[in-house]
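Coordinate-derived values only; no laboratory data. The structure presented is a predicted model; accordingly, all values stated were derived computationally and were not measured. Every residue, glycine as well, gets a Cβ built from its backbone with ideal geometry; the counts of neighbours run over all protein chains shown.
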Amino acid sequence: MAIDIGTLELRSLSLLFTFILLLLSTLSCTGEHQLEKAYLLPWSTPEGDYKLQPVHIKTMSSQYEVSGPAADVYLGNDISNRGFIGDKARPRLNSGKGLFVPLDVESSMSLVIYAHMERLKSFDRQMGMAKNLRWPRQVGLQTEFVDSDGAVETNNAIYLYELDSVAFFPMELKALPMAINGAVLAHEHFHSHFNAFNLRQVESGSSYEEFNEAVILRGWNEGLADFYAYVYTGQSDFISLSIPDDDTRALNVQPLVIRPGKNLQAVFNRYMNAGKNRIPKERRRGRVLSCLSYPLGTQIAVFLYHMSNLGDVGSDLADKHSVLKLVMDRLSSYEGVLAQNVGPLAPTDILEFIFEDKSLLSQAQLDLLEKTVLRDSELVQPSEWIGAYPCER
Ligand SMILES: [Zn+2]
């Protein structure tokens with residue numbers, strides 16, 4: 001009997017909670033609906049062209065401050081070791097017939113960033129990745145940085161590891177500003193996900209730790225960031241929109257060979273030792289970054305691009321979203337191995353770990369894996385490779 005009363009009470013309680021939840025969800029829908037506003041912004045068409053079009057933003061608390069649960073956007077602010085200093089961006093707007101029109105480029109760019117961050121938050125939720133990060137994300141626009149030679153940095157964007165924030169430098173090229181290029185924002189945003197793996201543990205400075213960090217982890221970080229940006233936007237050649245001279249980062253090219261770890265390490269040592277007494281270490285590291293880490297990243301991104309287009313229809317790896325999900329799920333379980341200081345890492349070992357379950361792969365995906373991953377027995381001489389490599393980016 002007591003059990004029956006309990007059941008009855010539980011039922012009434014659950015009915016009451018259902019009613020409250022329904023009421024709350026109705027209220028929150030109404031709230032979000034009230035916040036939703038349309039802005040006339042430069043935005044990519046499905047064909048990849050950028051045009052002014054109405055873009056809806058749903059969660060910004062007020063149209064006069066670019067801030068909400070997805071991001072806080074700062075315009076021209078200084079940075080301290082705790083983050084951006086001062087007020088968030090306050091766009092100048094004209095309104096008419098329910099459509100807000102930004103009155104200057106910077107207002108436009110700050111709203112584009114928020115609109116993408118709102119969509120990236122939904123995308124991360126859909127991919128099961130949103131919980132790894134702190135929200136709202138912090139993004140700076142027209143942020144001034146001075147490089148080691150005293151020059152102001154331009155035409156680039158950066159993820160600031162220590163602050164877990166993204167910053168866009170002023171743009172001077174006559175091309176699509178990076179802050180409007182949603183794929184560039186997605187690329188930088190992805191670095192926060194890789195950072196959440198907490199892999200930067202170079203402490204003793206032994207040569208293989210430096211190699212792991214500078215080449216393997218950086219290469220995977222950059223490659224996955226490009227692949228993530230492709231999955232989010234559907235654009236496979238987005239860097240050249242903002243840097244017309246850079247044609248080395250497109251993903252829709254023929255698959256590239258991924259070198260075994262020993263080969264990469266030999267080339268890394270060659271770069272780090274050449275001119276050791278004349279060339280500052282920072283500059284030698286810069287050469288490693290542009291000659292090894294970024295190219296390795298592109299090789300990985302191109303491989304994943306092809307993997308995501310070669311799956312059997314209806315299979316577990318039939319599209320780009322499922323490939324990204326598998327990579328992130330596998331890497332999060334691999335992080336302990338990546339962070340251990342056990343010896344030099346090999347990019348191909350990591351690939352084989354990710355795609356270990358061959359039953360998920362179509363024949364075309366298996367063939368690609370076989371063709372892309374070179375074995376140690378297929379090593380070429382570092383001098384031969386350095387000569388052939390597109391080092392200048
Ligand atoms: Zn990057």
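In table form, for the structure just shown:
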| quantity | calculated |
| --- | --- |
| Across Lys58/Lys97; Lys37/Lys325; Lys131/Lys325, pairs whose alpha-carbon gap is larger than 20 Å | Lys37/Lys325 |
| Candidate aspartates and glutamates - alpha carbon under 12 Å from Lys121, same-chain residues fewer than 8 apart omitted | none |
| Ranked list, fewest to most other Cβ atoms within 10 Å of each Cβ, for Arg125, Arg259, Arg278, Arg285 | Arg278, Arg125, Arg285, Arg259 |
| Whether segment 44-190 is rounded, prolate or oblate, judged on the alpha carbon gyration tensor where a/c under 1.5 counts as rounded | rounded |
| Charge tally in the Cβ shell below 9 Å around Pro170, where Lys, Arg are +1 and Asp, Glu are -1, Pro170 excluded | -3 |
| Rel. contact order, % - alpha carbon contacts under 8 angstrom, at least six apart, segment 249-346 | 33 |
| Taking Ile79, Ile57 and counting other C-beta atoms within 10 Å, the order from fewest to most | Ile79, Ile57 |
| Sequence of Lys88, Lys174, Lys262, Lys358 once ranked by neighbouring C-beta atoms within 10 Å, starting from the fewest | Lys174, Lys358, Lys262, Lys88 |
